[in-house]
Every structure is written in structure tokens, then in C-alpha cells.
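These notes are about the structure you will find just below.
The values are calculated or read from the model by the stated rules, or taken from the named source; none is laboratory data. Being a predicted model, the structure only gives us computed values, none of them experimental. In this analysis, Cβ positions are derived from the backbone assuming ideal geometry, glycine residues included, and neighbour counts consider all displayed protein chains.
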Amino acid sequence: MKKLLTLIFALAIFALSSQTMAQENMHQEGMIKISIIYPNGEGKTFDMDYYQEKHMPMVAELFGEALVGYGIEQGIGGRTPDAPVPYLAMGYFYFKSVEEFGAAMGPNALKIREDIPNYTNIEPEVLVSRVIK
């Protein structure tokens with residue numbers, strides 16, 4: 001039993017350190033970050049459960065080995081405590097280069113775009129940026 005617990009503990013530590021290393025790799029200088037931002041407004045809807053559990057994993061799978069990592073954020077406030085949230089959500093993807101992003105996105109763009117109505121009626125804004133620090 002003691003050996004089993006030691007093995008489980010070692011696997012948990014390995015999984016956490018691997019996840020931390022993957023997150024650190026995403027923020028390396030020169031990495032390409034694709035931010036998909038969903039602005040808030042009257043009549044705007046967003047299904048975070050669908051986005052988190054179905055859409056983003058599907059996109060990550062479509063991007064395959066080119067994808068370094070991805071993340072999801074949910075808007076909860078604005079500039080001041082009483083201000084409405086300006087963005088309902090943001091998803092982001094990390095790639096080593098713009099070329100790798102283009103190669104991954106090109107053949108999958110239509111499938112990704114067709115899934116958007118399953119979780120939102122918002123036309124997302126997209127920002128392609130380079131990680132500086």
C-alpha cells in the first residue's frame with residue numbers, strides 16, 4: 001500500500017510539474033498568441049460550459065501538434081466595481097510562429113467558425129500578437 005501511495009504521489013507531482021512547464025512555455029518571448037475576445041452588449045449571450053467543455057477542446061484537437069497551449073478566461077468586471085463587464089470571455093492559443101498558426105488554422109477555419117453559434121451570438125474580435133515578456 002505504501003508503494004502504491006508513493007507511486008500515486010510521484011505521478012501527481014509529475015503531472016503538476018508538466019502542466020507548469022507547459023504553461024511557462026506558452027509565455028516565452030517570441031511565442032505567438034491568438035486572442036479571441038467576445039465583447040459584451042445588449043442581447044449578447046455566451047455559453048461558457050459549451051465553450052470550455054466542447055468548443056475549445058475541439059479547436060485544440062484540430063490544431064494538433066502546432067498548438068503549444070490554450071486558455072480560457074471569463075469576464076467578471078470592468079474598470080470600476082460598478083461598471084458592466086466589457087468582455088464576456090476570452091480564449092487564447094499559443095503557437096511557435098505565425099506560419100504554424102496559419103498552417104493549423106487554414107484547413108480548420110470553416111469547422112471552427114461553424115461551431116460559434118453553438119455557444120454565442122457574438123462576433124468575436126481576434127488579436128494576433130507576439131509575446132514580449
Consider Asp82 carefully, then state whether it is surrounded by fewer than 17 Cβ atoms within 10 Å (Cβ to Cβ) and not in a loop (DSSP other than H, G, I, E, B).
-> no
Just one of (1) modelled with pLDDT of 60 or more; (2) farther than 30 Å from Glu99 by Cα trips up Ala10, so point out which.
-> (1)
Would you point out which residue out of Lys133, Lys96, Lys111 is touching a residue at least 40 places away in the same chain (Cβ under 8 Å) and surrounded by fewer than 11 Cβ atoms within 10 Å (Cβ to Cβ)?
-> Lys133
Of all residues in the stretch 13-57, how many are under 14 Å from the mean Cα position of the chain (by Cα), part of a helix (DSSP H, G or I) and at pLDDT below 95?
-> 3
